[in-house]
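In what follows, a single structure is set out as structure tokens and then discussed.
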Amino acid sequence: MKNRKTKSGVLAVSAIMICTVISMLFSTLLSSPALLAARKTEDSDKPIKWVEFDVPYDVMKRAMDIDIDTYDKKVHIDWVDILAYLGAKYGGSFSCYKDADMDEFTDKIKNGDTVSELTKDMKYFNYYSRAYGAVLGGFLGEYQIRTPDENGSSSWKKAYGLKAFSPLAEGYYYSDFDDFGTNRSYGYSRRHLGHDMMTSVGTPVIAVESGTVEALGWNQYGGWRIGIRSFDKERYYYYAHLRKDTPFAENLHIGGTVTAGDIIGFTGQTGYSIRENVNNIDTPHLHFGLQLVFDEDAKDSPTQIWIDLYDITRLLSAHRCTVVKNEDGSYERKYLFVEENYYLSEMQASAETADSDELKLPIVMYHALLRDPGRQNKYVISPELFEDDLKYLSARGYTPVFMKEVIDYVNNGGDLPRKPVVLTFDDGYFNNYYYGFPLLKKYNMKAVISIVGKMTDDFTNHPDENPNYSHVTWDHVLEMHLSGYWEIQNHSYNCHSYDKRNGVSQVSTETKKEYRSFLMSDLMHLQNKIAYVTGVAPNTFTYPFGAFNENTDAILKEIGFAATLSCTEGVSTITRGEPECLYKLKRHLRPPDKQPEEFFDFLD
């Protein structure tokens, strides 16, 4: 039952009587076979079979505000806990909702009661917690957004709140109504399992949540459409009836990732046709859908779980992405946005910790990632092979770590996973960002990238995002750093050449004093720039071409580098309390012609 559909005078029974009846019949209703199958999750990890999310906008908004207001307080009250409590209390029917019930719950939590204590007698609280958590799991959290400041430049601001976006960009009018479940007759009679937002052709469509692109192309019913899965795999967002001819944003591809608020396409009226690129929809609009996936086998089955988005869309309307149109007619988001990487944090926290003071530390050395086989060589592999590496490492329980964690283990007695591995990328190619970044997100892994400062400066001043030859810009560097998937390290400012010397090695005519002056000048230039952009100075130096001489490490230590990465093949042993073990760490160069099973034989 939905309050928004109830009209005065239609019901013969008062709201109070309805609530009384619902309360009396709740246990009986829940005992029906279908609902029991859906809700028998309290003591089981079996997938949920059905979810009906019927929380009104006003209730969601009030619970969300409490969550945000208490985030930095002594007791943080999670909005999913609030809604799950009310769902269990009302049997999922919010026609009985009262503010006093929400206030009573939140007041008790503030006064020291725990959620488990307050819900111990609620048989179906766990079900509603899982179900509502699946629907709203990616909506609230920490994020950083880059906005203009008073000086005309821009700065990053950290905040906590609604980080999911409306599916339509700010400034574009739309109208909608509660159409979930209405009949559709094209092809066959069926229920409408989405929410239609009527708007003009060409309105920018926005990624509601960060995730991985799983579907991209033509569908007989949805026309040009996009399917994006959340990183926790539980939500599948469906955007359909996109614009004819140019439906998608550039650089979108299956397997790639998007960030919440990214432009992913443009509204249109395609669909209802077997033939591609046909406008057979009468009214231009966005079909916006949300499917919950608790069981991969059920994702494409008749038992799919789709959610009514009418009230959710209203909640998201308060957070619409601002976009700008460029001179070439393309669109881009005005404010860069990075969300806290809590999925990665959970993965790291679940890794088994080593109990030894000595560990083998395998380090893999990558350079470029390119799809064209003709461009692959000793230093260039395909993105698909890199993805296979990530799958292989994950399946065998290896946890990628940053150099800061390795240094902390050795110098400060910190913890490392029982099976650590360091994934390193040398030179700072744009294709690391373009291909590698989405894959790290997809598999919740992290990597170290050592950039050449001069190249990053050049491509920042003259942007050219070509995977074949471009390098990352400073905006890319900052985004990668803030994401939590990348650690930025120093590969020299302008020594990645053989013009005057072999990398940063000392030339024969150079005195030790002259060499120190040269090395300090080059490396500190990049140290200061990285620290200025990211707020963190690199702790590891990666020798260009693996070259160094007897004086190099002494100067690197003077600068403050606690570790160095060499090009020597092998696996190093690191030991707590022995800082010298962190210098000239060995690595294995990843070639393009070996499958993971063969390449990673050094792990055994």
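Around the amide H of Glu170, modelled in the peptide plane, lie the amide H atoms of Cys321, Thr322, Val323, all under 5 Å away and 5 or more residues distant in sequence or on another chain. For the peptides 235-244, 461-470, residues were scored by their other Cβ atoms within 10 Å and the scores averaged per peptide; the highest-first order is 235-244, 461-470.
Here the chain has 48 percent of its accessible surface on carbon and sulfur atoms, given a 1.4 Å probe and all protein chains in place.
Adding -39500 (n - 2.57) for every DSSP H run of four residues or longer, then dividing by how many residues the chain holds, sets the calculated 222 nm ellipticity at -8500 deg cm²/dmol.
Distant-in-sequence amide contacts of Ala563, defined by a placed amide H-H separation under 5 Å and a gap of 5 or more residues or a different chain, comprise Phe541. Using only side-chain charges placed at the Cβ, +1 for Lys and Arg and -1 for Asp and Glu, the dipole size of the chain relative to its Cα centre rounds to 920 debye. Looking at the stretch 103-152, the accessible area is 52 square angstrom per residue; that uses a 1.4 Å probe and ignores ligands, DNA and RNA. For the stretch 510-559, the per residue solvent-accessible surface stands at 48 Å², with DNA, RNA and ligands left out and a 1.4 Å probe.
Just list whichever of Lys74/Lys299; Lys360/Lys442; Lys419/Lys500; Lys163/Lys360; Lys61/Lys529 have alpha carbons separated by over 32 Å in the model shown.
Beyond 32 Å: Lys74/Lys299; Lys419/Lys500; Lys163/Lys360; Lys61/Lys529.
For the peptides 319-328, 224-233, 528-537, the ranking by packing is 224-233, 528-537, 319-328, with the highest mean count of neighbouring Cβ atoms within 10 Å listed first.
Restricting the trypsin sites (Lys or Arg not before Pro) of the stretch 352-393 to loop positions (DSSP other than H, G, I, E, B) with no more than 11 neighbouring Cβ atoms within 10 Å leaves Lys378. Spelling out what I want: for every residue of the stretch 164-180, take phi, set θ = phi - 60°, compute 6.51 cos²θ - 1.76 cosθ + 1.60 (Karplus), and round to whole Hz; glycine and proline get x. The phi angles translate into 7, 10, 4, x, 10, 5, 5, x, 10, 6, 8, 10, 7, 8, 6, 10, 5 Hz. Applying the criteria of a DSSP loop state and at most 13 other Cβ atoms within 10 Å to the trypsin sites (Lys or Arg not before Pro) of the stretch 99-181 yields Lys120, Lys123. Applying both filters, DSSP loop and at most 13 other Cβ atoms within 10 Å, to the GluC sites (Glu not before Pro) of the stretch 490-550 gives Glu550. If a/c stays under 1.5 just call it rounded; otherwise compare a/b with b/c (prolate if a/b is bigger, oblate if not). Do that for the stretch 394-464, with a ≥ b ≥ c from the square roots of the Cα gyration tensor eigenvalues. In terms of gyration-tensor shape, oblate.
Annotation: amide H-H contacts under 5 Å for Tyr272 (H modelled 1.01 Å from N, sequence separation of 5 or more, or interchain): Tyr221, Gly222, Gly223. Extension gain, Ser497 to Arg184: 0.36 nm times the residue separation minus the Cα-Cα distance gives 106.3 nm. Sequentially through the stretch 288-297, phi angles give Karplus couplings (6.51, -1.76, 1.60; θ = phi - 60°) of 10, x, 9, 10, 8, 10, 9, 9, 4, 5 Hz, Gly and Pro residues having no value and appearing as x. Coupling constants for the stretch 581-595 follow from the phi torsions by the Karplus curve (6.51 cos²θ - 1.76 cosθ + 1.60, θ = phi - 60°), and in residue order they are 5, 8, 9, 6, 4, 7, 9, 10, 6, 8, x, x, 10, 10, 6 Hz; glycine and proline get x. Computed from Cα atoms, the angle from the helix 474-483 axis to the main principal axis of the chain rounds to 60 degrees. To the nearest 10, the accessible area of Trp156 is 60 Å² with a 1.4 Å probe. Centre-to-centre, using Cα atoms only, the stretch 529-583 and the stretch 176-249 are separated by 49 Å.
In whole angstrom, note down how far apart the Cα centers of the stretch 253-318 and the stretch 89-115 are. Each part's Cα centre sits 33 Å from the other's.
The values are calculated or read from the model by the stated rules, or taken from the named source; none is laboratory data. Since this is a predicted model, take the numbers as computed values, not measurements. Virtual Cβ from ideal backbone geometry, glycine too; neighbours counted across all protein chains shown. For accessibility, only protein heavy atoms count, side chains too; no ligands or nucleic acids. Shrake-Rupley method; radii C 1.70, N 1.55, O 1.52, S 1.80 Å.
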